[in-house]
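Inspection log for the structure reproduced underneath, given as structure tokens.
Only the coordinates and a few stated rules stand behind these numbers; no lab work does. This is a predicted model, so every value here is computed, not measured. Cβ placement follows ideal geometry from the backbone for every residue including glycine, while neighbour counts extend to all protein chains displayed.
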Ligand SMILES: [Fe+2]
Ligand SMILES: [Fe+2]
């Protein structure tokens, strides 16, 4: 049986790119009509829309590797925000290098760390661009929507069998060692791999240009993280400091 006879079963990499703008328009509309400020959780209709868009592609892409799936998802994020797509790439590289230098992980963990870094903000592909690019601060409602990007990342990545494992790690990328992170998870319940994502994410946020701020030097970026007592464990900070010194960055 030739697949050409059933074109609706075959979703190409180009097709997901072509259909993405219409999907984003629908999602942006749902943020406007379905999101209730102050209410816990996220609009169920957004989850349904995410599933109906990505599930057929997940089936068609079942033969692809995690690397190929990640590339497709990063391409979609680039359509909504090239800056965050670059941030994801830098976070992945830094988290991987730090974890590798720490000597704490085997190659499977290192692969997970790389893809967790690469895909941690993938949910920002469905956060309205206006919120991502705001220069003058966000309203309370906009901040609430932005915070939901961790859950949006999870919902998208949980659909693809190749990224299911990193989806669970990504949920924790805005936790803190002192327990005051997004979901207030105790540090004993946090996978040690995630601290390398959190510190790389933090460092990149400090050292890169954002619509609302100028980039800091590597030294100042590290200082900011150290000043933020309780953000990450001391041991993770030590790995970062050692790594930056070794590279003559501080
Ligand atoms: Fe994030
Ligand atoms: Fe990030």
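Of the candidates 228, 109, 144, which one comes out as most mobile in a Gaussian network treatment of the chain with C-alpha springs shorter than 10 Å? Among 228, 109, 144, the largest mean-square fluctuation in the Gaussian network model of the chain belongs to 228.
Within the listed set 212, 42, 114, the residue fluctuating most in the Gaussian network model of the chain (springs between alpha-carbon atoms under 10 angstrom) is 212.
The angle separating the long axis of helix 44-60 from the principal Cα axis of greatest extent in the chain is about 80 degrees. Within the listed set 232, 166, 185, the residue fluctuating most in the Gaussian network model of the chain (springs between alpha-carbon atoms under 10 angstrom) is 185.
With everything on Cα atoms, drop me the angle between helix 218-227 and the longest principal axis of the chain, reported from 0 to 90° to the nearest 10. Tilt relative to the chain: about 80 degrees.
For segment 1-120, what does the alpha-carbon gyration tensor say about shape, rounded, prolate or oblate, given a ≥ b ≥ c as the root eigenvalues, a/c under 1.5 as rounded, and a/b over b/c as prolate? Write down the numbers at each step before the final one.
On the way: a/c = 2.20, a/b = 1.25, b/c = 1.76.
Here segment 1-120 falls in the oblate category.
Given R₀ = 25 Å, what would the calculated FRET efficiency be for residue 19 paired with residue 63, taking r from the Cβ atoms and rounding to 0.05?
Details: r = 20 Å, r/R0 = 0.80.
Efficiency at R0 = 25 Å is approximately 0.80.
Put the Cα centre of segment 74-126 next to the Cα centre of segment 163-238 and the gap is 13 Å. To test your reading of the geometry: what angle, between 0 and 90 degrees and rounded to tens, separates the Cα axis of helix 234-246 from the longest principal axis of the chain? Relative to the chain, helix 234-246 is tipped by roughly 80 degrees.
For residue 245 and residue 107, the FRET efficiency from 1/(1 + (r/R0)^6), where r spans their Cβ atoms and R0 equals 35 Å, is about 0.85.
Based on the Cβ-Cβ distance of residue 238 and residue 214, what FRET efficiency does E = 1/(1 + (r/R0)^6) give at R0 = 22 Å, to the nearest 0.05? Intermediate results must be reported in sequence, preceding the final value.
Values: r = 28 Å, r/R0 = 1.25.
The value I calculate is 0.20.
Above 28 angstrom, tally the Cα pairs of the chain and express them as a % of all pairs, no decimals. Could the numbers behind the result be given before it?
Details: 10748 of 31125 pairs.
Considering the chain, 35 percent of its Cα-Cα pairs are separated by more than 28 Å.
When only C-alpha pairs under 8 Å and at least 6 residues apart count, what is the relative contact order of the chain, in percent? About 18 percent, as a whole number.
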